[in-house]
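First up is the structure itself, then whatever we jot down about it.
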Amino acid sequence: MLDTYLVAPKTLERLRSGPSGAFIDDFADALERDGYSAASAVRYLRAADHLGRFMLAHGGTLADADPQTPEIFYRHLPTSGSKRR
């Protein structure tokens with residue numbers, strides 16, 4: 001289902017082989033089923049990949065996410081150019 005939103009072979013391979021790869025196609029299915037626009041779905045899919053890579057860089061996996069993970073990830077994101085919250 002990922003290829004509903006993304007077509008570049010390199011991008012598909014990167015997302016599917018990354019730390020979030022085991023979940024990314026099912027996540028794309030859920031986004032489509034729930035009626036997300038293609039533009040929103042792509043943003044969420046890229047964010048899911050980013051979160052998986054962030055967790056890996058910090059010595060963990062998505063399975064290691066805990067209640068503090070969103071705040072730690074949020075602080076990691078760049079803040080220039082937009083207000084958050």
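Nothing in this text is a laboratory measurement; each read-out follows from the coordinates by a stated rule. These numbers come from a predicted model, not from an experiment. Cβ placement follows ideal geometry from the backbone for every residue including glycine, while neighbour counts extend to all protein chains displayed.
Extension gain, Ala39 to Thr79, is 12.2 nm, computed as 0.36 nm per intervening residue step minus the present C-alpha separation.
In the chain, how does Rg compare with the Kirkwood Rh, expressed as the Rg/Rh ratio over alpha carbon atoms?
0.98
Subtracting the Cα-Cα distance of Met1 and Arg53 from 0.36 nm times their residue separation leaves 16.6 nm of extension gain. Counting charges near Glu32 (Lys, Arg +1; Asp, Glu -1) among other residues having Cβ under 13 Å from its Cβ returns a value of -4.
Sum up the charges of everything whose Cβ sits under 14 Å from the Cβ of Thr4, counting Lys and Arg as +1 and Asp and Glu as -1, but leave Thr4 out.
With Lys, Arg at +1 and Asp, Glu at -1, the net is -4.
Annotation: extensible slack from Gln68 through Phe23 equals 14.1 nm (criterion: 0.36 nm per residue apart, minus Cα-Cα distance).
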